[in-house]
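J.: My structure is below; once you've seen it, I'll send some questions.
Please treat every number below as a calculation from the coordinates, not as lab data. Being a predicted model, the structure only gives us computed values, none of them experimental. Methodologically, a virtual Cβ is constructed for each residue, glycine included, from the backbone with ideal geometry; neighbour enumeration extends over all protein chains shown.
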Amino acid sequence: MHKGFTLWFTGMSGAGKSTIAGLIGNRLRANGAKVEVLDGDEVRIYLSKGLGFGKEDRDENIRRIGYVCELLSRNGVIAIAAAISPYRAVRDEVRARIPNFVEVYVACPVETLAARDVKGLYKRALAGEIAQFTGISDPYEPPLAPEATVDSSRETPQESADRIWATLEHLGLVRFDRSSLAHE
């Protein structure tokens, strides 16, 4: 049996939050954990439909994701949230409600995000065609003291996942069986 916790991925659009969250989720499941991944895009469809992209609606979206994470983690499920969550204050509000909250900042420069953007959203936002685009025409406030920071412009998703896993081990939230490594 494991205890529940919340692993909260924050970062700009296209930084790799969902990809890395999926790798961690799969690894946790392979080790027998109960895991739910709440992806920001899916939450917008099923849980936060009708909310816009102004600050109040973005904050409400994050509060809703946080509430679901709180329910899951207090019932022994590992909740993984992968959402831009651009405003520090509402992330801190969610953190205050959830014991065993682990924040992961997926950093990536705008230039790299724009270069890898297959949908062309950054190009359109930089041209002023998309209002309230996080990190361009709307703020993104990086966390001040996340438990882990990864840089998707400098490491592969697997390298990032491995570093996050090491953080979870260090925090005592996951364990790695080292007995098979022992020499007799």
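J.: For the range 78-184, with only Lys/Arg (+1) and Asp/Glu (-1) charged at the beta-carbon, what is the dipole magnitude about the Cα centre, in debye rounded to 20?
T.: 260
J.: Can you grab the distance from the C-alpha centre of the range 85-109 to the C-alpha centre of the range 10-79, Å, no decimals?
T.: One Cα centre to the other: 11 Å.
J.: Rounded to the nearest 0.05, what FRET efficiency is calculated for LYS34 and ARG88 with R0 set to 35 Å and r the Cβ-Cβ distance?
T.: Approximately 0.75, to the nearest 0.05.
J.: Go ahead and set up a Gaussian network model of the chain, Cα springs under 10 Å, then flag whichever of ALA127, ALA166, ALA83 fluctuates most.
T.: In this elastic network of the chain, the residue with the biggest mean-square fluctuation among ALA127, ALA166, ALA83 is ALA127.
J.: Taking amide H atoms as placed 1.01 Å from N in the peptide plane, list the residues 5 or more away in sequence, or in a different chain, whose amide H sits under 5 Å from that of PHE9.
T.: Residues meeting the criterion, in which the H sits 1.01 Å from N, are ALA81, ALA82, ALA83, VAL104.
J.: Here is a further query. Going down the list LYS49/LYS123; LYS49/LYS119; LYS17/LYS49; LYS55/LYS123; LYS17/LYS123; LYS3/LYS55, which pairs span over 28 Å between their C-alpha atoms?
T.: LYS3/LYS55
J.: Hey, in the GNM for the chain with a 10 angstrom Cα cutoff, which one of ASN61, ASN100, ASN75 fluctuates hardest?
T.: ASN75
J.: From the phi angles alone, apply the Karplus equation (6.51, -1.76, 1.60; θ = phi - 60°) to the range 10-19 and give each ³J(HN,Hα) in whole Hz, x where the residue is Gly or Pro.
T.: Going residue by residue, I get 10, x, 6, 4, x, 6, x, 4, 5, 4 Hz, with x marking Gly and Pro.
J.: Roughly how many nanometres apart are two label points built 7 Å out from the Cα toward the Cβ at ALA166 and ASP57?
T.: In this crude label model, ALA166 to ASP57 measures out at 4.1 nm.
J.: Identify which of the listed values of Rg and Dmax of the Cα atoms in Å was calculated from the structure shown: (i) 16.3, 50; (ii) 17.9, 67; (iii) 16.8, 65.
T.: Answer by label: (iii).
J.: Counting pairs of alpha carbon atoms under 8 Å apart in space and at least six apart in sequence, what relative contact order in percent does the range 1-95 give?
T.: For the range 1-95, the relative contact order is 48 percent.
J.: Using a 10 angstrom cutoff on alpha carbons, build the Gaussian network for the chain and name the most mobile of ALA33, ALA131, ALA15.
T.: In this elastic network of the chain, the residue with the biggest mean-square fluctuation among ALA33, ALA131, ALA15 is ALA131.
J.: Pop out the ³J(HN,Hα) list for the range 147-155 in order, Karplus 6.51 cos²θ - 1.76 cosθ + 1.60 with θ = phi - 60°, rounded to Hz; leave Gly and Pro as x.
T.: Couplings: 5, 8, 10, 10, 10, 6, 8, 10, 9 Hz.
J.: Taking 0.36 nm per residue of sequence separation and subtracting the Cα-Cα distance, how much length would be gained by fully extending the chain between GLU155 and ALA115, in nm to one decimal?
T.: 12.8 nm
J.: Under 20 Å from a point placed 7 Å out from the Cα of LEU47 along the Cα-to-Cβ direction: which residues of the range 8-32 have their backbone N that close?
T.: Answer for this model: 8-29.
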